[in-house]
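Participant: The structure under discussion is supplied below as structure tokens; questions concerning it will follow.
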Amino acid sequence: MSYEFPPIGIAAIATYLPAAIETASQIGLAANIPEAVVIEKLGIRQKHLAEAHDTPSAMAAEAARKALASAELDPLDVDLIIYHGSEYKDYVVWSAAAKIQHLIGAKNAYAYEIYALCAGSPVAIKTARDQMRADPLLRNVLLVSAARENELVSYDNQQARFMFNFGAGASAMLLRRDYATNQVLESAVLVDGSFSENVVMRGGGARFPTSQATVDAGYHQLDVLQLEDMRDRLGLVSQPNFVKVIDQAVTRSGYQCSDIDFLAITHMKPSFHNGLLHDLGLRPDQAIYLDDYGHIQSVDQQLALDLAQQRGLLKAGDLVVLAGAGTGYTWAASAVRWGK
């Protein structure tokens, strides 16, 4: 006897971007690299920076309010909130999910957090869809994310140069049960834990508790350990693993990569972005390159999707894929059939 699961669809997407801007010229001056390199090699024209009031919980709550307003949903009708954003939150060892629940007045919802770093969006989509399928009491689930990790990156640290694109912002996605519009299909996730200690903020954890020594050593900024080893090994597997999870997600959904109409993907250097599109057989106009926003952790995919909606790039029946990769290393993708 087979069981047909109810459709889970995207009822709303919203983003929040802080007002402050850092341009490619300013990044170049701070990092002592030419502006042309910032634009052409790192893929940044500008990015948004958080101000004092733009805490991760506050930014995520603002995006959540916009999503609820778009869906015309009362916060009291939200059943679950999942925060999948940065671990660099308002406080250390603290639940941003609970704070966001309070800020938006969703007092009937329970809330928790998951972390897959920059692959968090598709992982959260998979987690929420699977949980909603299993629990008929979950009718409206809100996925929220926020990041301001640019504050953890020093422009003086050339080993961290690939993180100079880090910006700030937030996103929210409302998933609804028995909702066939923008239906969430299948996902795929791949992890290679051999990269788990290549990108870390050493200070403040159990291995290096906060002390004057960790502050003096610069351990409270993101750093890259064994850079050459990571670069050599990651260069061999990252693009193939991206293609693998995207292919798995669409194949499990009954499609092929040639059926993809739009790809919402992590901001990355232009050469990698273009190479990935080539390997998938996609045109440049089938994705949005986030060079005016930078990399905002797991906000990227929903930002790209929000921009695609605003620009009229999506039509009913389109196959959309949200894909990301996060240090650790995790690659993940989720497929969505757009419209009705």
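Participant: Please work out if ALA172 is at pLDDT 95 or above, among the small types (Gly, Ala, Ser) and not assigned by TED's automatic domain parsing to the domain that holds LEU303.
Facilitator: Working: at pLDDT 95 or above: yes; among the small types (Gly, Ala, Ser): yes; not assigned by TED's automatic domain parsing to the domain that holds LEU303: yes.
Yes.
Participant: Using the structure shown, decide if PHE166 is among the aromatic types (Phe, Trp, Tyr) and more than 18 Å from the chain's Cα centre (by Cα).
Facilitator: Numbers: among the aromatic types (Phe, Trp, Tyr): yes; more than 18 Å from the chain's Cα centre (by Cα): no.
No.
Participant: Could I ask something else about it? Would you mind telling me which numbered condition in (1) crowded, with 21+ Cβ neighbours inside 10 Å; (2) closer than 17 Å to GLY43 by Cα; (3) of a type outside the set (Phe, Trp, Tyr) ASP306 fails?
Facilitator: Of (1) crowded, with 21+ Cβ neighbours inside 10 Å; (2) closer than 17 Å to GLY43 by Cα; (3) of a type outside the set (Phe, Trp, Tyr), only one is false for ASP306: (2).
Participant: Here's a follow-up. Looking at (1) part of a loop (DSSP other than H, G, I, E, B); (2) within 27 Å of ALA119 (Cβ to Cβ); (3) in contact with a strand residue (DSSP E or B) (Cβ under 9 Å, 6 or more places away or on another chain), which is the only condition ALA14 fails?
Facilitator: That leaves (1) as the condition not met.
Participant: Looking at ASP90, is it modelled with pLDDT of 95 or more and buried (at least 18 other Cβ atoms within 10 Å of the Cβ)? Give the derivation first.
Facilitator: Values: modelled with pLDDT of 95 or more: yes; buried (at least 18 other Cβ atoms within 10 Å of the Cβ): no.
No; evaluated as a whole, the condition is false for this residue.
Participant: If the requirement is being over 30 Å from GLY193 (Cα atoms), hydrophobic (A, V, I, L, M, F, W, C) and surrounded by 24 or more Cβ atoms within 10 Å (Cβ to Cβ), which of these qualifies: ILE100, ILE81? Outline the logic, then answer.
Facilitator: Details: ILE81 fails: over 30 Å from GLY193 (Cα atoms).
Going through ILE100, ILE81 in turn, the sole match is ILE100.
Participant: Go through the stretch 177-294 and tell me which helices (runs of 4 or more DSSP H), entirely inside it, have 2 or more residues that are touching a residue at least 12 places away in the same chain (Cβ under 8 Å) and surrounded by 14 or more Cβ atoms within 10 Å (Cβ to Cβ). Reasoning before the result, please.
Facilitator: Values: elements: 212-216, 227-252, 270-280.
In the stretch 177-294, 227-252, 270-280 are the helices (runs of 4 or more DSSP H) which contain 2 or more residues that are touching a residue at least 12 places away in the same chain (Cβ under 8 Å) and surrounded by 14 or more Cβ atoms within 10 Å (Cβ to Cβ).
Participant: Among the hydroxyl-bearing types (Ser, Thr, Tyr), over 24 Å from GLY120 (Cα atoms) and either not assigned by TED's automatic domain parsing to the domain that holds ASN150 or not in a loop (DSSP other than H, G, I, E, B) (or both): is that true of SER25 in this structure? Before the answer, list the steps.
Facilitator: Details: among the hydroxyl-bearing types (Ser, Thr, Tyr): yes; over 24 Å from GLY120 (Cα atoms): yes; either not assigned by TED's automatic domain parsing to the domain that holds ASN150 or not in a loop (DSSP other than H, G, I, E, B) (or both): yes.
Answer is yes for this residue.
Participant: Quick check on ALA14: is it surrounded by fewer than 22 Cβ atoms within 10 Å (Cβ to Cβ), aliphatic (A, V, I, L, M) and assigned by TED's automatic domain parsing to the domain that holds ALA97? Give the steps one after another, and end with the answer.
Facilitator: Details: surrounded by fewer than 22 Cβ atoms within 10 Å (Cβ to Cβ): no; aliphatic (A, V, I, L, M): yes; assigned by TED's automatic domain parsing to the domain that holds ALA97: yes.
No, not satisfied.
Participant: Is it the case that TYR155 is hydroxyl-bearing (Ser, Thr, Tyr), outside the structural domain of CYS257 (by TED's automatic domain parsing) and in a loop (DSSP other than H, G, I, E, B)? Before the answer, list the steps.
Facilitator: Numbers: hydroxyl-bearing (Ser, Thr, Tyr): yes; outside the structural domain of CYS257 (by TED's automatic domain parsing): yes; in a loop (DSSP other than H, G, I, E, B): yes.
When the stated conditions are applied, TYR155 passes them.
The values are calculated or read from the model by the stated rules, or taken from the named source; none is laboratory data. In this text, all values refer to a predicted model and were calculated from it rather than measured experimentally. Cβ atoms come from the backbone with ideal geometry, glycine included; neighbour counts cover every protein chain shown.
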